[in-house]
Amino acid sequence: MRQTLIKEKISKLLNNTDHRQGRIFAFTIQSLIVLSLVTFSIDTLPDLPKTTKDILYGIEVITVLIFTLEYVLRIMVSERKLRFLFSFYGLVDLAAILPFYLSTGLDLRAVRIFRLLRLVRILKLFKYNKAISRFHRALVIAKEELILFGFVAVIMLYLSAVGIYYFENAAQPEVFKSVFHSLWWAVTTLTTVGYGDMFPVTPGGKFFTFFVLMVGLGIVAVPTGLIASALSQAREEELAERLASRGHAK
């Protein structure tokens with residue numbers, strides 16, 4: 001009985017922000033997440049003094065210990081432990097602390113930024129924010145078109161890589177070594193980024209690049225237009241539902 005009461009208190013502290021202790025705990029954890037992200041970013045600066053590195057490491061140890069305790073407590077109070085472990089939040093929480101203990105050299109501290117999504121849930125923005133609901137409806141409306149467009153974009157990406165390979169391989173064998181090497185050029189050109197690390201030198205390659213750039217403008221514009229149109233339709237449907245509900249109320 002006593003263990004059940006303790007478990008309920010811990011669960012209330014971790015998951016319920018309707019009381020003062022729960023809000024303090026939630027915002028403390030969120031503040032620690034921000035602190036860990038800041039220290040991670042500072043740690044990437046070159047030529048840091050050893051004293052600064054020691055301080056950053058100390059902060060990292062403390063935050064990881066707190067995050068680990070929170071993670072263990074969440075598992076303890078969870079009614080469906082496996083479901084929590086393999087949930088989005090469970091996996092993010094694990095990825096944020098596990099590399100510290102394994103010392104694999106893989107730094108996943110940046111993943112902790114996803115833990116800030118709990119703040120959105122704490123503030124219940126998902127429940128009351130109509131814009132998020134409207135955007136979700138727009139994605140549902142344009143889902144088929146976006147999927148079809150995605151397939152077309154992949155096909156164009158591959159054909160662009162093949163085309164530039166045939167035009168430029170003979171002139172630049174070290175740059176356009178294969179279709180796979182040419183895929184990077186295709187990505188940067190179709191998205192109109194154009195880093196300039198790979199560029200055509202033959203007349204045929206330049207003409208082909210012009211053609212790919214024109215297609216790329218469409219690839220960038222089409223999804224934007226689809227989502228904008230779907231958002232407009234979602235607003236109209238939302239307005240129609242409001243008018244219908246008022247009509248029923250009368």
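For this structure, a couple of remarks:
- Only one item in [x] 147; [y] 216; [z] 134 matches volume of the Cα convex hull per residue in Å³ derived from the coordinates shown, and that item is [y].
- Here R242, R137 are placed in order of increasing Cβ neighbour count within 10 Å, fewest first, which gives R242, R137.
- Note on L91/A131: beta-carbon distance plugged into 1/(1 + (r/R0)^6) with R0 of 35 Å gives a FRET efficiency of 0.80.
- Helix content alone sets the calculated 222 nm mean residue ellipticity of the chain: runs of n ≥ 4 DSSP H residues at -39500 (n - 2.57) each, divided across all residues, give -26000 deg cm²/dmol.
- Scanning the chain for DSSP H helices at least 30 Å long along the axis (C-alpha atoms) with a Kyte-Doolittle mean no lower than -1.0 picks out 20-43, 50-77, 143-168, 203-249.
- Sorting D47, D18 from the fewest to the most surrounding beta carbons within 10 angstrom yields D47, D18.
- Sparse-neighbour loop sites [GluC sites (Glu not before Pro); segment 146-250; at most 13 other C-beta within 10 Å; DSSP]: E174
- Segment 133-249, relative contact order in percent, only Cα pairs under 8 angstrom and at least six apart counted: 34
- For the chain, the relative contact order is 15 percent, taking Cα pairs closer than 8 Å that sit 6 or more residues apart in sequence and dividing their mean separation by the residue count.
- For the pair R80 and V140, label points projected 7 Å from Cα toward Cβ lie 2.1 nm apart.
Coordinate-derived values only; no laboratory data. All values reported here derive from a predicted model rather than from experimental measurement. Ideal geometry is used to build each Cβ from the backbone, glycine not excepted, and the neighbour counts take in all protein chains shown.
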